[in-house]
Amino acid sequence: MNIAKIMVPKALTVCMNATDSVRQGTEIMRRHGYTAIPVLDSEGRFLGCVNDRDFLRFIVTEENYSPERQEQVTVGQIMRRDFCPPVPITASSGELIDAVLQQNFVPIVDDRGCLCGIVTRRLVIAELAGRDLPAGGEFLE
């Protein structure tokens, strides 16, 4: 399976910066409707993913939760770096399939650790079933 052929490229992937505030992060998640989003550093390196539970944990555990506090705390401070681990773009089909069995989408990184894009379960299943997909991963009708 050619990962580069089936992945949604970084340019079409919603990402957050580790320096985005919690308020900015919640707005991005609300606007796009995703429950998990890759987080990058200023060089485009993949740091991990933030999900809705990370934001909820912040709200519940923060003693001084306020709009001002949402601006002070960054996405990089609340995300779990071990959530949704990436696979290299050179990974085998078996490695990719193992990863999508564990998580809804898999971040794909190059040898520098920079995000190349993501592969979703839907894309892997479509590839295995021989279905054609256009760029961005939507099924052709």
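Among the residues of the range 94-133 satisfying the criterion of being among the charged types (D, E, K, R) and not in a helix (DSSP H, G or I), which is surrounded by the most Cβ atoms within 10 Å (Cβ to Cβ)?
D110
Considering every residue within the range 62-72, establish whether at least one is more than 16 Å from A18 (Cα to Cα), outside any helix (DSSP H, G or I) and of a type in the set (D, E).
Yes, some residue in the range 62-72 is more than 16 Å from A18 (Cα to Cα), outside any helix (DSSP H, G or I) and of a type in the set (D, E).
Find all pairs meeting these conditions: Cβ atoms under 6 angstrom apart; at least six residues apart or on different chains; first residue within the range 54-76 and under 19 Å from I37 (Cα atoms); second residue loosely packed, with under 13 Cβ neighbours inside 10 Å.
none
Look through T61, T13, T90 and report the one residue that is in contact with a Gly (Cβ under 9 Å, 6 or more places away or on another chain) and β-branched (V, I, T).
T13
Checking V22 against (1) crowded, with 17+ Cβ neighbours inside 10 Å; (2) under 21 Å from V106 (Cα atoms), which single condition isn't satisfied?
So V22 meets the others, but not (2).
Pairs under 9 Å by beta carbon, first residue in a helix (DSSP H, G or I) in the range 18-38, partner small (G, A, S), six or more apart or different chains?
Filtered contacts from the range 18-38: M29/A36.
Got a number for residues in the range 1-24 being over 13 Å from the mean Cα position of the chain (by Cα) and not polar (S, T, N, Q)?
Residues in the range 1-24 being over 13 Å from the mean Cα position of the chain (by Cα) and not polar (S, T, N, Q): 8 in total.
Can you name the residue in the range 80-93 that is over 17 Å from the mean Cα position of the chain (by Cα) and part of a loop (DSSP other than H, G, I, E, B) and, of all such residues, is farthest from V39 (Cα to Cα)?
S92
Among what's in the range 37-79 and is crowded, with 18+ Cβ neighbours inside 10 Å and among the small types (G, A, S), pick the residue that is farthest from the chain's Cα centre (by Cα).
The selected residue is G76.
Considering each of E63, E71 in turn, give the residue that is among the acidic types (D, E) and touching a strand residue (DSSP E or B) at 6+ places or on another chain (Cβ under 6 Å).
After ruling out the rest, the residue left standing is E71.
Read-outs throughout are calculated quantities, based only on the coordinates presented, and are distinct from any laboratory measurement. On a predicted model such as this, the values are computed, not experimentally measured, just so you know. Because the Cβ atoms are built from the backbone with ideal geometry, glycine has one as well, and the counts that use them run over all protein chains shown.
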